[in-house]
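Structure first, then comments.
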Amino acid sequence: MTRLHTLVGTLALVFLRPALAVPNVTAVRLDDTTCQKYPAALPLAGGDHVDASRYLQLVIAQSEDPAVDGLYATEIPVHYDGSGRGEPLGDFNFTRLAFSLLRSRLFARVTFRCFDGVLRLSTSNSNDTATPSNLKPPALGVHKDKNNAFIIESNPKLEAKNATAAAPWRGYPVEAYGHYNTTTGERLPGVFLGVLNQTTWAFDFDTSGPCGQPYVYNARLLGLPLDPDVESRASAPAWFNGFIQVVEYS
């Protein structure tokens, strides 16, 4: 009985343990229009230089649950049933990003590269060359549904479906941010993703992916304004908050 009481007491302490807070920082957008704002940027010197970076990855950082810090971004395929909705564009696929629980290098990791100041998904882990042929065409954006502001990979049909006169597509381009100590003004290490001066993300655990898809944490940006042209759907409860850091591929 004593052992049972000890176990129950230990579990109670675990579940009552307060979550760590996300650091209180000042987020400042890195205005450099080149790739020099990202880690592993290639030198700009030389007459035939290419504005690019080496291979990059996105990781959870400084979250309320330190056990998940360092988890890598992965691709989640999304199928849009336009035909079933009677829409002229028909069906199409696009990709959003989430964070895989699989840390092992035995599993392929999604990589990114910056070209001409724009962060894009990459198709190769080779650091040999900096050529646009190694890139998937779309850049990364954040959906304008303030309750479900996932990182998404734009594509022509997604843009066409969501096009308005005011906005070519209903996604904000991702931005690079530096974090600063709110008291001292000192720049803190790292480059972080965000939009409109918001860099805190809510993460929730997702087991609803397609067959064979590893369990993931969805990530949605907090603090975005309501867009009057975008339907805001209910979101899943957040498990924890944190940042998304851009790091060099390793």
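Values for this structure:
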read-out	value
Fully extended contour minus Cα-Cα distance, from D229 to N93, at 0.36 nm per residue	46.8 nm
Footprinting exposure proxy for L20, L58, L140 (fewest neighbouring C-beta atoms within 10 Å first)	L20, L140, L58
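Each reported figure results from applying straightforward, stated rules to the coordinates on display, with no laboratory input. In this text, all values refer to a predicted model and were calculated from it rather than measured experimentally. Virtual Cβ from ideal backbone geometry, glycine too; neighbours counted across all protein chains shown.
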